[in-house]
Amino acid sequence: MKHLKFFKNAAVISIGGLLAKGIGALYRIPLANLLGGYGEGLYHMAYPLFCLMLTFSSAGIPTVVARAVAAERASGREGNTLHAALRLFAGLGAFASLLMCLLAMPVARLQGDEGLFGCYLALAPAVFPVALLAVLRGWWQGRSEMMPTAVSEIVEQIVKAGAGLLLASRFPSDPVRAARAALFAVTLSEAVALLFLAVRVREGRRTLRTRSDGGGALLFSALPVMANAALLPLSQMLDSVLVVRLLSRHTLRAVHVYGLFAGSAVSLVAMPATLCCGLVAAAVPAVASCMAQGREEEGRRRALFALAVTLALALPCAAGLLALAPFLVRLLYPALGAEDAVLLVRLLRLMSVSAATLAAVDTLAACLTAMGLARRAALSMLIAVIVKAALQFALVGNPALGITGAAIASNACYLVAFFLDLFYTVRKKREMHHAEHHRIGNEKGGTDAGRARGAQKRGRRVRAHRDAPLGGKLEGGGNSL
C-alpha cells in the first residue's frame with residue numbers, strides 16, 4: 001500500500017472533518033442555551049426523519065461513486081459516472097424532500113408533539129442539495145482528491161452555525177420557532193456547500209473525456225449500501241418514538257431527557273468517528289482499485305490496515321471520554337442544571353465504548369462496500385439494530401434505568417455490527433472453479449458456455465464478473481483483444 005498517499009488523503013479529510021465538527025460542537029453550546037431543553041429536544045427529534053430521507057436519496061453514495069470512479073481509473077478508462085449519478089440522485093433527492101413534507105404532520109403526531117410539523121417543513125428542502133453533495137464528494141474521493149470534500153464540509157458548518165445562531169436568537173421566548181429557525185439554517189448551509197462544490201467540480205472536469213453511460217448499474221450497486229445506511233437512521237427514528245414513549249411512563253421530562261441523550265451524549269460519542277472519517281474516504285479507492293484488478297488479498301490487507309489505524313485513533317478517544325466526562329460536561333454545557341449534568345456524565349461514561357466501535361463500524365462498512373460486499377454490511381447492521389430495539393424495549397421502560405437503558409442498547413448495537421463486519425472482512429470469498437462456470441452455463445441451456453467458446457474463437461477476452469457491476473473482480477480466461 002502507498003502508505004504516504006493513504007495517510008495524506010486520510011489526514012486531509014480528517015482535519016477537515018475535525019474542523020467542521022469542532023465548529024458544529026461549539027455551535028451546539030450557544031444553540032442549546034438559546035433553544036432550552038424543550039427546544040433542543042424538538043431540534044433533535046426532527047433529525048431522524050431527515051436522516052431517513054437522506055438515506056433513501058443519498059446515503060452511502062460518496063462511497064459508491066468513489067468506488068466506481070476508482071475502479072474506472074484503475075482499469076485505465078474514464079466513464080460518465082458523475083453525470084449518471086447526478087441525474088439519478090437529483091431525482092431521488094427531490095422525491096425525498098417532497099415525501100418528508102408529506103410525512104411531516106403524521107410523524108409529528110406519532111412522536112407526540114405537533115410543534116415538530118414546522119420543524120420538518122424547514123428541514124425538508126435540505127434533502128435535495130445533500131443528495132447532489134454526496135455525488136460530488138464521492139467523485140472527488142474516487143479520484144483520491146480529498147481537499148474539495150474537506151473544504152465543503154467546513155463551509156457547510158460555518159454557514160449553519162452563523163445562520164442558525166442568528167435566526168434562533170430572534171425568538172428568545174419561543175422555543176418552537178427558535179428550533180424551526182435553527183433547522184432552516186441547515187437547509188441554507190447545504191445549499192451554499194453545494195454551490196461551492198459544484199464550482200470546484202466544474203473546474204476539475206474541464207479536460208475530462210467521458211463516455212455515455214446510464215445510471216442503472218450505479219443504482220444497483222448503491223441499493224445494498226443505501227439499505228445498510230438506512231438502518232441506523234431508521235433505528236434512530238424509531239428511538240425518537242419508542243424511547244420517548246417508554247420514558248413517558250415514569251417521567252414528565254421524557255423529551256428533555258431524550259434531548260440530552262440524542263443531542264449531547266450521542267454527538268460527543270460520534271466525534272471519534274468523525275476524526276476517522278478520512279480513513280473511510282481514503283480506504284474506499286485504495287481497496288476498490290485492488291478489487292478491480294483482481295488483487296483480493298491485497299484489498300483485504302488494505303481494509304484491515306484502515307481498521308487498525310481507525311482503532312489506534314478511536315480507542316484513546318474512548319478512554320478520554322470515559323475519564324474526562326465530568327470535565328467535558330462542565331466545559332461544553334455549563335448551562336445544564338446539576339441533575340442534567342450528572343445524567344449526561346453517566347451517559348458519556350456508559351457510551352464511551354461506542355466511541356471506538358462506531359468508528360470501526362464506519363470504516364469496515366465502507367471497506368466491505370469497496371470489496372463488493374455491501375450486502376454483508378447491511379446484514380450486520382440489520383442484526384445489530386434488531387438487538388438494539390429489543391434491548392431498548394426491555395430496559396428503557398424500567399424506572400431504575402430509564403435513558404441509560406438506551407445507552408446500553410446503543411453499545412450492544414455497535415458491538416454486534418463491529419464483530420460481524422470484521423468477520424466478513426477477514427473471511428475469504430469462495431472461489432468458483434472454471435468447471436463450475438461451465439456447469440452453471442449448461443444448466444442455463446449452454447448459453448454462457450457457448451458465448452465463451454465463441455468469444456475465444458474470435459480472439460476476445462472472456463471475463464466473468466463475480467461481484468457487483470461496479471468495481472468487482474474479473475475472472476476468466478481467453479485471449480486478449
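The values are calculated or read from the model by the stated rules, or taken from the named source; none is laboratory data. Model, not experiment: these values are computed from the prediction. Every residue, glycine as well, gets a Cβ built from its backbone with ideal geometry; the counts of neighbours run over all protein chains shown. Note: accessible area is taken over every heavy atom of the protein model, side chains too, but ligands, DNA and RNA are not part of it. Shrake-Rupley method; radii C 1.70, N 1.55, O 1.52, S 1.80 Å.
Put the Cα centre of the stretch 151-167 next to the Cα centre of the stretch 284-344 and the gap is 24 Å.
Extension gain, residue 238 to residue 8, is 78.9 nm, computed as 0.36 nm per intervening residue step minus the present C-alpha separation.
If the Kirkwood radius is taken over C-alpha pairs of the stretch 49-185, then at 20 °C and 1.002 mPa s the Stokes-Einstein diffusion coefficient equals 131 µm²/s. Averaged per residue, what accessible area in Å² does the stretch 49-166 show with a 1.4 Å probe, protein chains only? Accessible surface, normalised per residue, equals 33 Å². Fully extending the segment from residue 252 to residue 319 would add 20.8 nm, taking 0.36 nm per residue of separation and subtracting the current Cα-Cα distance. Based on C-alpha pairs under 8 angstrom that are at least 6 apart in sequence, the stretch 231-305 has a relative contact order of 16 percent. Sum up the charges of everything whose Cβ sits under 12 Å from the Cβ of residue 39, counting Lys and Arg as +1 and Asp and Glu as -1, but leave residue 39 out. Result for the local shell: -1. Rg and Dmax of the stretch 388-432, based on Cα coordinates, read 15.7, 55 Å.
Once you have the Cα-Cα distance between residue 102 and residue 346, take 0.36 nm times their residue separation minus that, and quote the gain in nm to one decimal.
Numbers: separation 244, 0.36 × 244 = 87.84 nm, distance 3.82 nm.
Once the chain is fully extended between residue 102 and residue 346, it gains 84.0 nm.
How big is D for the stretch 247-346, in µm² s⁻¹ as a whole number, if Stokes-Einstein is applied with the Kirkwood radius of its Cα pairs at 4 °C and 1.567 mPa s? The calculation lands on 80 µm²/s. With both labels modelled 7 Å from their Cα along Cα-to-Cβ, the residue 147 to residue 398 distance reads 5.4 nm.
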